[in-house]
Amino acid sequence: MYELRKVKLAEVLASRDERALLKSQFINKYRMPVVSISMNIAGEIKRNPLIDLAFNYGYERLVKELGEPIESFVKRDFTGCFAVLTFDLEVGYIKTICIKIEDSVPVGRLLDLDVTDASGTLIRRPDGKSRICLVCGGPVFECSRARAHGLYEIANKTQGILADFAVSEISNLAVDALKEELELTPKPGLVDQRNCGAHSDMDFNMMLRSAESLKWYFAGTLRIGLNGDLENPSELIGLKKLGISAEEKMMLVTGQVNTHRGAIYGMGILLAAFGACLKDGGSLAYRSGKIAEGLFELNMEMDSFVNKGKLASKSETNKSSNGDLAREIYGACGAENEAIDGFPTAFAGAEYLDTLLKNCGEDISIAKLRCFVYILAKADDSNLIHRGGCQGLQFAKLEASRLMNLDDARLIEALEALDDKFIEKNLSPGGTADIFAQSLFLYKIKRCIDGNFSQA
């Protein structure tokens with residue numbers, strides 16, 4: 001993230017002049033239509049993570065609709081975000097697409113997509129139609145001319161639109177991460193498209209329904225991070241209650257089978273922390289760790305929430321989770337410690353995946369498999385300990401380490417063979433699956449903030 005900074009009028013005007021100069025240069029160079037993208041943001045803060053998220057969405061949406069530009073220039077600094085792109089397309093068509101983007105979703109109302117033809121003439125909306133006002137929904141030029149709304153009212157409405165957009169988009173990414181973890185095949189001992197792994201009580205379709213049922217929960221945890229102060233115990237209690245409700249609803253969907261308890265705990269913390277980062281900036285790892293630590297302390301005080309990585313109601317606190325048993329018997333670190341430490345394994349997995357895709361040109365499905373193997377070799381998975389003791393954990397880590405440098409074809413063959421061994425030994429690396437999904441999510445949100453909405 002980055003430090004928020006107030007912008008002066010002279011700096012805004014200088015940025016506007018820079019954008020105009022770039023448009024002119026693109027037109028002179030290519031003699032083709034040019035699109036400029038900027039954000040309509042009221043107030044002295046022209047850039048924050050929420051604004052970046054919306055701008056990057058607008059940019060990616062434009063490229064998705066029109067195809068790759070002949071040339072583009074993107075700038076993000078404290079004066080705001082803007083981009084200039086030129087396309088070898090008919091100018092009327094470009095304008096139609098830009099209007100569609102501005103009008104089709106609420107956050108589009110904050111996007112300013114100007115289209116200039118090859119002669120440098122600004123293309124207006126057809127029939128002189130004005131954009132609608134953020135606050136009242138009337139013609140924006142009339143409200144602007146009459147100064148119908150104060151700065152605070154406009155800024156507050158803008159913040160609401162940005163927050164609603166972030167909640168919808170990011171919670172979708174969390175669900176996508178769970179679904180992509182499920183779809184990844186082959187995964188030793190886990191439910192995937194090959195088989196049900198070492199699980200006789202769940203299958204692919206059940207896991208899919210379970211993942212999709214958590215969208216509302218992920219949206220809620222992100223909203224709590226955006227709106228509240230998670231260093232306040234009362235806010236943590238709200239997060240606790242939401243988690244308990246999510247687990248109850250998940251159990252109804254699955255017929256009382258624990259499909260995504262780990263995701264409710266770990267992904268919920270990550271989303272709440274990310275919400276706080278979107279609001280105020282800061283380190284996601286640090287904020288995640290502080291939230292997890294706060295939940296742990298709350299549990300110690302109230303004996304009612306996170307019990308060694310397991311969400312529980314007060315009546316269930318005497319029941320041990322796999323993480324509890326692993327800690328008691330073997331002294332292993334589970335989901336709780338991973339969270340309190342700021343999800344180091346999940347962040348390492350996200351970085352590893354990014355490196356594979358960026359530097360090595362890996363096929364995305366193979367890169368995901370390699371990332372999964374990397375985490376399996378690295379994580380102290382309490383599920384493996386629960387099912388196979390320390391020997392089961394060490395077996396899994398050793399086998400995963402042996403797969404790290406295999407070529408693509410041999411990797412898939414070896415994973416299928418290892419899947420058969422895991423099933424035979426009744427081993428299931430559920431903790432690894434949770435961390436892998438977290439890594440996918442972290443990879444996705446980094447791309448969103450950095451300016452690439454493409455899916456992992």
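So that you can scan it fast, the table gives a plain yes or no per residue for (1) of a type in the set (Gly, Ala, Ser); (2) under 30 Å from the mean Cα position of the chain (by Cα):
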position	(1), (2)
ALA339	yes, yes
PHE343	no, yes
THR355	no, yes
HIS386	no, no
GLN394	no, no
LYS397	no, yes
GLU413	no, no
ILE423	no, no
Residues in segment 425-452 that are at pLDDT below 95, in contact with a helix residue (DSSP H, G or I) (Cβ under 6 Å, 6 or more places away or on another chain) and of a type in the set (Asp, Glu) total 0
Say we look at segment 265-297 and pick out the residues that are of a type in the set (Ser, Thr, Tyr) and at pLDDT 90 or above; which of these is surrounded by the fewest Cβ atoms within 10 Å (Cβ to Cβ)? TYR286
Does ARG447 satisfy the condition of being among the charged types (D, E, K, R), more than 28 Å from the chain's Cα centre (by Cα) and either crowded, with 24+ Cβ neighbours inside 10 Å or more than 21 Å from ARG194 (Cα to Cα) (or both)? no
If you take the residues in segment 375-384 that are buried (at least 24 other Cβ atoms within 10 Å of the Cβ) and at pLDDT 95 or above, which one is farthest from the chain's Cα centre (by Cα)? LEU376
For GLU183, state whether it is more than 30 Å from GLY160 (Cα to Cα), without any contact (Cβ under 8 Å) to a residue 60 or more places away in the chain and among the charged types (D, E, K, R). yes
Out of (1) touching a residue at least 24 places away in the same chain (Cβ under 8 Å); (2) of a type in the set (D, E, K, R); (3) part of a helix (DSSP H, G or I), the odd one out for GLU44 is which? (3)
If I ask for residues that are among the charged types (D, E, K, R) and outside any helix (DSSP H, G or I), which ones from segment 219-269 would you list? ASP229, GLU231
Scanning segment 219-244 residue by residue, the ones that are of a type in the set (Ser, Thr, Tyr) and modelled with pLDDT under 95 total 1
Only residues that are part of a loop (DSSP other than H, G, I, E, B) and under 23 Å from VAL167 (Cα atoms): list them for segment 84-123, please. VAL105
Assuming VAL175 fulfils every condition listed in (1) modelled with pLDDT of 95 or more; (2) farther than 24 Å from VAL107 by Cα; (3) in a helix (DSSP H, G or I) apart from one, which condition is it? (2)
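Residue by residue, here is whether (1) of a type in the set (Lys, Arg); (2) surrounded by fewer than 19 Cβ atoms within 10 Å (Cβ to Cβ) holds:
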| position | (1), (2) |
| --- | --- |
| ARG47 | yes, no |
| GLY58 | no, no |
| LEU62 | no, no |
| LYS100 | yes, yes |
| VAL140 | no, yes |
Check PHE422 against each of (1) assigned to a helix (DSSP H, G or I); (2) at pLDDT below 95 and name the one condition it does not meet. (2)
Quick check: is even one residue across segment 11-29 under 26 Å from SER283 (Cα atoms) and among the aliphatic types (A, V, I, L, M)? no
Of LEU184, LEU208, LEU222, LEU190, the only residue that is crowded, with 20+ Cβ neighbours inside 10 Å, closer than 29 Å to ALA54 by Cα and in contact with a helix residue (DSSP H, G or I) (Cβ under 8 Å, 6 or more places away or on another chain) is LEU222
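Results for (1) outside any helix (DSSP H, G or I); (2) touching a residue at least 60 places away in the same chain (Cβ under 8 Å); (3) among the small types (Gly, Ala, Ser); (4) surrounded by fewer than 17 Cβ atoms within 10 Å (Cβ to Cβ), shown as yes or no for each residue.
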residue	(1), (2), (3), (4)
LEU353	no, yes, no, no
ARG370	no, no, no, no
LEU418	no, yes, no, no
ALA433	no, yes, yes, no
In this structure, does ILE329 turn out to be modelled with pLDDT under 90, among the β-branched types (Val, Ile, Thr) and assigned to a helix (DSSP H, G or I)? yes
Here are the criteria: (1) part of a helix (DSSP H, G or I); (2) touching a residue at least 24 places away in the same chain (Cβ under 8 Å); (3) touching a Leu at 6+ places or on another chain (Cβ under 6 Å). Tell me which single one GLY197 does not satisfy. (1)
Give me the residue from segment 150-172 that is in a helix (DSSP H, G or I) and among the small types (Gly, Ala, Ser) and, out of that set, modelled with the lowest pLDDT. ALA155
Looking at PHE82, is it within 30 Å of ILE170 (Cα to Cα), in contact with a Lys or Arg (Cβ under 6 Å, 6 or more places away or on another chain), buried (at least 17 other Cβ atoms within 10 Å of the Cβ) and not assigned by TED's automatic domain parsing to the domain that holds ASP164? yes
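The values are calculated or read from the model by the stated rules, or taken from the named source; none is laboratory data. Worth saying up front: this structure is predicted, and the values here are computed from it rather than measured. Cβ: placed from backbone, ideal geometry, glycine included. Neighbour counts: every protein chain shown.
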